[in-house]
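One structure is given here, and the rest of the page talks about it.
The values are calculated or read from the model by the stated rules, or taken from the named source; none is laboratory data. Every value quoted in this text rests on a predicted model; they were computed, and no experiment measured them. When we count neighbours, we look across all protein chains shown, and the Cβ atoms used for this are built from the backbone with ideal geometry, even at glycine. Remember, those area values only see protein heavy atoms, side chains included, never the ligands or the DNA or RNA. Shrake-Rupley method; radii C 1.70, N 1.55, O 1.52, S 1.80 Å.
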Amino acid sequence: MKRFILPALLLAQLSSYAQGSYTIKGKVGHLNKPAKAYLYYKIRGTNQSFVDSTFLTDGNFTFKGKVDSPKEANIRLVHDNTPNDPTKRPKFDVLALFVEDTEITLTAKDSIKHATIKGSKLNDENTKVNAMLKPHYDKYTILNDEYNKQPEEKKSDKTYIQSLEDRATAIQNEIIDVKMKYVRSHPDQFMALMAFNSTLPPEFDARKAEEDFLKLSAAVRNSDLGKDVAEKIQKVKKTQEGSLAPDFTLNDVAGKPVKLSDYKGQYVLLDFWASWCAPCRRENPNLIKAYHQFKDKGFTILGVSLDKPEGKEKWLKAIKDDGLTWTQVSDLKGWDSPAAQLYEVEAIPMNFLIDKEGKIIAKYLRGEALNTKLAELLGQ
């Protein structure tokens with residue numbers, strides 16, 4: 001049974017992108033040093049976060065700085081110097097908020113996580129949008145409560161579990177519809193971008209997403225988040241079904257350059273694998289079966305190994321041991337291979353089926369799925 005967890009939703013209105021400075025003034029009871037507040041948010045284009053900190057004096061603390069576009073941030077309050085008990089799960093006092101170039105006031109009696117936020121249109125709008133979406137997200141809670149009340153026998157009933165999954169999917173689609181309605185009616189607001197981004201799963205229709213994205217205002221699209229979303233769309237679009245397969249050249253086992261575009265006029269399965277990848281090796285018999293069944297009907301395979309220099313002999317041995325008779329290429333750079341990066345390969349085995357015109361027509365074809373697709377295209 002999957003648990004239908006409510007994601008933390010942070011949506012905000014775009015008030016201005018004019019560069020200025022922010023001031024965050026906090027008041028939490030009457031705490032004093034060693035009580036300390038930490039402000040942190042992600043630095044775009046890196047895996048690092050901006051961090052600022054300050055001690056509290058009679059419950060007061062202040063942060064000052066500058067951001068070039070709205071930032072999803074957190075303020076964590078450490079109340080004293082008591083060390084964490086390694087036998088217990090630590091409890092954190094954290095407030096999620098948006099930082100924008102304005103003066104923001106935070107007020108709480110004893111805990112920053114319960115603070116009232118004033119002076120920020122972004123955070124005001126966040127509250128409004130969360131309230132708008134809450135009735136829809138509450139349906140997940142109702143679903144979880146229903147499941148938890150069932151006897152163990154019912155919890156193991158596949159038909160019942162499927163009904164829960166179907167209802168969860170319906171709720172998810174309902175939420176996406178509500179968000180997209182908001183996106184299309186508020187193209188000048190930063191919160192529209194936040195809502196739009198939250199509807200994009202790892203795999204999505206990049207062309208349709210690009211159409212919606214381009215309807216947002218230039219100011220919204222040029223924010224840090226807007227740039228990230230644009231990159232995400234282009235990344236998915238590059239290898240989406242119907243896109244022209246990016247070309248590359250790699251050497252085969254004999255050191256001879258091989259270009260993907262040399263295969264135009266044939267259906268080619270571009271297969272990313274490695275000798276050390278057990279799932280890849282288990283999948284090879286399925287590839288062999290498909291290759292021999294359809295190789296005389298205009299189908300072939302191009303294997304791209306993500307082995308490294310020290311694994312070259314193992315790569316060559318795996319080709320021989322597994323009986324892979326189609327062309328194999330590699331630059332022996334592992335995950336750093338430009339070809340793997342070109343196709344956004346983050347896990348193997350991974351494959352792309354490319355048609356005679358050089359367009360991607362399918363991917364993730366494993367087991368019988370590959371044979372079924374080839375039979376559909378080429379006949380039995």
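Excluding same-chain neighbours fewer than eight residues apart, the aspartates and glutamates reachable from K317 by a Cα-Cα span under 13 Å are D307. Summarising the amide proton neighbourhood of M350: residues at separation of 5 or more, or on other chains, whose placed amide H is nearer than 5 Å comprise F272. From the largest down, the stretch 127-186 spans 47, 20, 8 angstrom on the principal axes of its Cα atoms. Between the Cα long axis of helix 158-185 and the first principal axis of the chain there is an angle of about 70°, rounded to the nearest 10.
For K289, a cut-off of 19 angstrom between C-alpha atoms picks up these lysines, skipping any fewer than 8 places away in its own chain: K297, K320, K363, K373. Shown for the chain: the carbon plus sulfur share of the solvent-accessible area, taken with all protein chains present and a 1.4 angstrom probe, equals 51%.
The three principal axes of the Cα atoms in the stretch 40-134 give end-to-end lengths of 39, 32, 30 Å, sorted in falling order.
Relative to the longest principal axis of the Cα atoms of the chain, the long axis of helix 368-378 lies at roughly 60 degrees. Whole-Hz Karplus values for the stretch 100-105 come out as 9, 6, 7, 9, 10, 10 Hz, taken residue by residue from phi with 6.51 cos²θ - 1.76 cosθ + 1.60 and θ = phi - 60°; glycine and proline positions read x. Kindly work out what percent of the DSSP beta bridges joining two residues of the chain are antiparallel, to the nearest 5. Bridges in the chain that DSSP calls antiparallel: roughly 75 percent. For the pair the stretch 230-271 / the stretch 62-85, the C-alpha centres are spaced 45 Å from each other.
Taking only the C-alpha atoms of the stretch 235-332, the Rg (one decimal) and the largest Cα-Cα distance, Dmax (whole number), read 13.6, 37 Å. Applying the criteria of a DSSP loop state and at most 12 other Cβ atoms within 10 Å to the trypsin sites (Lys or Arg not before Pro) of the stretch 75-177 yields K88, K91, K109, K149. With the convex hull of the Cα atoms taken as the outline of the chain, the averaged projected area works out to 25.2 nm². When exposed loop sites are taken as chymotrypsin sites (Phe, Trp or Tyr not before Pro) in a DSSP loop with at most 14 other Cβ atoms within 10 Å, the longest stretch of the chain clear of them is 93-363. Averaged over its residues, the chain has an accessible area of 54 Å² per residue, based on protein heavy atoms and a 1.4 Å probe. Tell me the angle of helix 278-294 to the major Cα principal axis of the chain, expressed in degrees between 0 and 90 and rounded to the nearest ten. The helix 278-294 is inclined about 40 degrees to the chain. Binning at 10 Å from 0, report for the stretch 177-234 what percent of all alpha-carbon pair distances ends up in each bin. The distribution over the stretch 177-234 is 26, 64, 11, given as percents.
Here the stretch 78-170 is treated as an ellipsoid with the same Cα gyration tensor; its semi-axes, largest first and in whole Å, are 37, 24, 9. Taking 23 Å as the limit for the C-alpha separation, the pairs K139/K237; K235/K359; K264/K295 exceed it in the case of K139/K237.
Cross-linked pairs K33/K118; K155/K208; K134/K181; K128/K158; K88/K113: Cα-Cα separations exceed 27 Å for K155/K208; K128/K158. A straight Cα-to-Cα reach below 18 Å connects K314 with the lysines K333, residues fewer than 8 places away in its own chain not being considered.
Computed per residue of the chain from DSSP H runs no shorter than four, each worth -39500 (n - 2.57), the mean residue ellipticity at 222 nm is -11500 deg cm²/dmol.
Over the stretch 310-380, the reciprocal of the mean inverse Cα-Cα separation, the Kirkwood hydrodynamic radius, stands at 14.3 Å.
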